[in-house]
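Read through the structure below, which is laid out as structure tokens, and then see the notes.
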């Protein structure tokens, strides 16, 4: 997906990958910050749950989550297989 990417986030020993583009004015979520279980868009402070992609406000807004897996020290994100509203947390302990 040219111009698109994932935003990796770590929350309570879980890993998630979200779409990098905020649905409100296409802000760069990867330049935002994590507060608890949400990633906050740096442009207008929209916040999205790192596991589900659902916005805290406004209701019914979301970003896609991507399936991921851990292989050794590598975090592999499948950007071809975005899942709407599903958790992308999948932590494998070695």
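Descriptive notes on the structure:
Residues are listed down the side, and each one gets a yes or a no for (1) in contact with a strand residue (DSSP E or B) (Cβ under 6 Å, 6 or more places away or on another chain); (2) more than 12 Å from residue 16 (Cβ to Cβ); (3) modelled with pLDDT under 90:
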position	(1), (2), (3)
45	no, yes, no
53	yes, no, no
67	no, no, yes
78	no, yes, yes
87	no, no, yes
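- Residue in region 6-20 that is part of a loop (DSSP other than H, G, I, E, B) and modelled with pLDDT under 90 present: yes
The values are calculated or read from the model by the stated rules, or taken from the named source; none is laboratory data. The shown structure was predicted, so the numbers you read here are calculated from the model rather than taken from an experiment. All Cβ positions, glycine included, derive from the backbone under ideal geometry; neighbour counts span all protein chains shown.
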